[in-house]
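Let me begin by presenting the structure, written as structure tokens, before commenting on it.
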Amino acid sequence: MLISVVSLKRFQEEMELQNPDAVISIVNPTTDNPEVGKEIPTLKMKFHDICFEIKSYHGQERYTPPSRDHVDEIFHFGAFKCKKGTKLLTHCFAGISRSSAAAIIALCPHYGYVEAVRMVSELDVYQSEGLYEKGSLWFMPNNLMIQYADERLALDGALVRLVEETFAY
């Protein structure tokens, strides 16, 4: 499986380079998801990059954190749209936290959590002209999304620990 995890800024360029079979697009609630194309299965999500559960502020919701439902949607999308051999492109605003967590979660149904973490950590991440860095040094998968995935898979903290040990937090 070819996986690309990129920022919103690099999204269109990566779409042209990779010609993906499936896309997971994550933006803030006030941002529009970029256009992908009707023929490409796309999961469009809107939530903030928040790594902990938050309560409302004086009765008003100021931020939308990732939820268990978001993680379930990603897992389901991975199970049914991202079979082995699929070219998957995930993006969020910076291409660091939400998109890397989404890639791990989407890969779990077909590869298991250990292999999913390894695959994302070993990605070559474009930094600038001719400069690439390993995903393990660049990505910081969203802790809350990983925690919810760990719960969904009944791993008793194993996924959370593996992500913390693998990526440069």
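Read-outs: derived from the displayed coordinates by stated rules, not from any lab. All values derive from a computational prediction rather than experimental measurement. With ideal geometry, Cβ positions are generated from the backbone for all residues, glycine too; neighbour counts draw on all protein chains shown.
Annotations for the structure displayed:
- The range 1-91: chymotrypsin sites (Phe, Trp or Tyr not before Pro) in DSSP coil with no more than 11 other Cβ atoms inside 10 Å: F52
- Gain in span if fully extended, E13 to K46, counting 0.36 nm per residue against the direct Cα distance: 9.7 nm
- Once C-alpha pairs closer than 8 Å and six or more residues apart are averaged by separation and normalised to the residue number of the chain, the relative contact order reads 26 percent.
- Taking each residue as 0.36 nm, the span from Y63 to K38 lengthens on full extension beyond its C-alpha to C-alpha distance by 6.0 nm.
- Projected area averaged over orientations for the range 2-166, convex hull of C-alpha atoms, nm²: 9.7
- Distance (nanometres) between label positions extended 7 Å along Cα→Cβ at A168 and A94: 1.3
- Working note: 222 nm ellipticity from helices only, DSSP H runs with n ≥ 4, each -39,500 (n - 2.57), summed and divided by the residues of the chain, gives -12500 deg cm²/dmol to the nearest 500.
- For the options A102, A154, A79, a Gaussian network treatment of the chain with springs between C-alpha atoms closer than 10 Å singles out A154 as fluctuating the most.
- Ordering S99, S67 from the fewest to the most neighbouring beta carbons within 10 Å gives S67, S99.
- The magnitude of the dipole of the chain, with charges of +1 and -1 set on the Cβ of Lys/Arg and Asp/Glu and taken from the Cα centre, is near 240 debye.
- The aspartates and glutamates whose alpha-carbon is closer than 18 Å to the alpha-carbon of K46, local same-chain residues fewer than 8 away aside, are D32, E35, E61, D69, D72, E73.
- Counting only residues at least eight positions apart within a chain, or on another chain, the lysines with an alpha carbon under 21 Å from that of K87 are K9, K38, K44, K134.
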